[in-house]
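Down below is the structure, laid out as structure tokens.
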Amino acid sequence: MASIKNLKKDINYLIDEVIGTCMIHQYTQQGKSEELEVIISEMVEFRESLISRINNPDLNGSSQSLKNYYRALFDELLERVNAAFDKLNKISG
């Protein structure tokens, strides 16, 4: 990651994409809104968790550098976003 600022922008952009896609699916697939609302709430909670972890890095006195810590957060972001889009694909069938 080039900077914490860019990491936060990436988090907001990717999670907003998931939420926006869920909202589009809510309008087009009326019967599945509960499942989509669950995905939206999970992603909002995940965003808050990531931002909190970025602002308060917890290295636990280990030799892990901040760069590796933020890289791990970014990797977790990508995994969760991909998982959310996989859920969307299963719901939309």
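Considering VAL38, VAL81, the condition of being in a helix (DSSP H, G or I), of a type in the set (A, V, I, L, M) and touching a Leu at 6+ places or on another chain (Cβ under 6 Å) is satisfied by VAL81 alone. All of LEU36, LEU14, LEU7 fail the test of being touching a Cys at 6+ places or on another chain (Cβ under 8 Å), in contact (Cβ under 8 Å) with a residue 40 or more places away in the chain and surrounded by 10 or more Cβ atoms within 10 Å (Cβ to Cβ), apart from LEU36.
Would a scan of segment 51-58 turn up a residue that is under 14 Å from LYS87 (Cβ atoms) and in a helix (DSSP H, G or I)? Scanning segment 51-58 turns up no residue that is under 14 Å from LYS87 (Cβ atoms) and in a helix (DSSP H, G or I). Counting only residues that are assigned to a helix (DSSP H, G or I) and surrounded by 10 or more Cβ atoms within 10 Å (Cβ to Cβ), segment 59-78 holds 12 of them. Looking across segment 3-32, just one residue is outside any helix (DSSP H, G or I) and under 25 Å from LYS90 (Cβ atoms), and that is GLN29. Screening THR21, THR28 for residues that are of a type in the set (S, T, N, Q), within 19 Å of PHE85 (Cα to Cα) and out of contact with any helix residue (DSSP H, G or I) (no Cβ under 8 Å at 6 or more places or on another chain) leaves exactly one candidate, THR28.
None of the figures in this text is laboratory data; all of them are computed from the coordinates on show. As the structure is a prediction and not an experimental result, all values here were calculated from the model. Methodologically, a virtual Cβ is constructed for each residue, glycine included, from the backbone with ideal geometry; neighbour enumeration extends over all protein chains shown.
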